[in-house]
Amino acid sequence: MDKPTDATRRQFLAITGSAALLAVTLRPAEATPAMLTSAIRNVVGSAVVQTGKVKLDIPPLVENGNTVPMTVSVTSPMTPEDYVKSIHVFNEKNPQPNIGNFYLGPRAGRAQVSTRIRLADSQKIVAIARLSDGSFWSVSADVIVTLAACTEEVD
Amino acid sequence: MPSALINVPAKAKRGEIIEIKTLMSHIMETGYRRTATGEIIPRDIITSFACRYNGVEIFRADLFPAIAANPFITFTTVATESGKFEFEWIGDRGFSETASASIIVE
């Protein structure tokens, strides 16, 4: 490995102070809306995603992005003929667009799943449900995060 | 030491929809954090969770780093018969844990 020249090092040290804060916002790993779109395409394929039926309960303003409670529910009779097969949750700005995939069936009785998630930034959350007839339904919610997840350093 | 917390009603009426709450203690290291010296901390997460009711899978989940530490998952099922729920968590670095709970359906 080449050692940096003294000049480079001086320049580096000179900007270190201000860069420390900047580094947080310049994290290289950040999902983009394009990644969100492609992650959704991976699940739904070429199917049309309709808006409705799905409800996403998540606080609109969270203080701590490290643990955000979230409940997704889908309006469905949950009978063997008409039920929710799976629920997929995505985000816009975490390093990865996926949050979780949940597979259920008519035996669930109610199409509802809760968990706790991490949010690295204020962003949009998208929940998509796959029904037994092959249709996809979605909902999105915007969440403002004051303390982001996964930016802190660890000793 | 990994440990699970499971909340399943001890008794239910046949046909009743019951709620199952599960929590597995796990760091869920995202793989995106760095140490003070700049090294990336390798990912160490639970990647999959499943629940079987008397041997039949009734719920399954794929987890990603965006799931908070100590994954807490709540779902529902119809109480069909007395028996046993088995829970399984699988993750990075060979992580594999199981837990079970029983129910009496009247």
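The values are calculated or read from the model by the stated rules, or taken from the named source; none is laboratory data. Remember, it's a predicted structure, so these values are computed and weren't measured experimentally. All Cβ positions, glycine included, derive from the backbone under ideal geometry; neighbour counts span all protein chains shown.
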Of all the strands (runs of 3 or more DSSP E) wholly in the range A:52-133, which have at least 1 residues that are aliphatic (A, V, I, L, M) and within 24 Å of B:ARG14 (Cα to Cα)? A:68-74, A:84-91, A:111-117
Would you pick out the residues in the range B:19-29 that are surrounded by fewer than 18 Cβ atoms within 10 Å (Cβ to Cβ) and facing chain A (nearest Cβ under 9 Å)? B:GLU19, B:LYS21
Only one of A:ALA108, A:ALA127 is more than 9 Å from chain B (Cβ to nearest Cβ) and in contact with a Phe, Trp or Tyr (Cβ under 9 Å, 6 or more places away or on another chain). Can you tell me which? A:ALA127
Select, from B:ALA36, B:ALA61, B:ALA68, the only residue that is within 9 Å of chain A (Cβ to nearest Cβ) and loosely packed, with under 15 Cβ neighbours inside 10 Å. B:ALA36
Within the range B:74-90, tally of residues that are at the interface with another protein chain (Cβ under 7 Å from one of its Cβ atoms) and not in a strand (DSSP E or B): 0
Condition set acidic (Asp, Glu) and within 15 Å of the chain's Cα centre (by Cα), scope the range B:37-93, selection nearest to B:ALA4 (Cα to Cα): answer is B:GLU88
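Which members of the range B:1-54 meet the condition of being aromatic (Phe, Trp, Tyr) and either free of Cβ contacts under 8 Å to residues at least 12 places away in the same chain or under 25 Å from A:ILE99 (Cβ atoms) (or both)? Explain how you work it out, then say what you get.
Initially, the range B:1-54 is screened for residues aromatic (Phe, Trp, Tyr), giving B:32, B:49, B:53.
Result: B:TYR32, B:PHE49.
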Subset of the range A:59-82 (residues that are within 11 Å of chain B (Cβ to nearest Cβ) and out of contact with any helix residue (DSSP H, G or I) (no Cβ under 8 Å at 6 or more places or on another chain)): A:ASN64, A:GLY65, A:ASN66, A:THR67, A:VAL68, A:PRO69, A:MET70, A:THR71, A:VAL72, A:SER73
Of A:LYS93, A:LYS85, the only residue that is at negative phi, more than 9 Å from chain B (Cβ to nearest Cβ) and at pLDDT 95 or above is A:LYS85
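In the range B:14-35, what count of residues is obtained for those that are within 11 Å of the chain's Cα centre (by Cα) and at pLDDT below 95? Quick ask: steps written out before the conclusion?
First, the residues of the range B:14-35 that are within 11 Å of the chain's Cα centre (by Cα): B:20-26.
Filter again for at pLDDT below 95, leaving none.
The number of residues fulfilling the criteria is 0.
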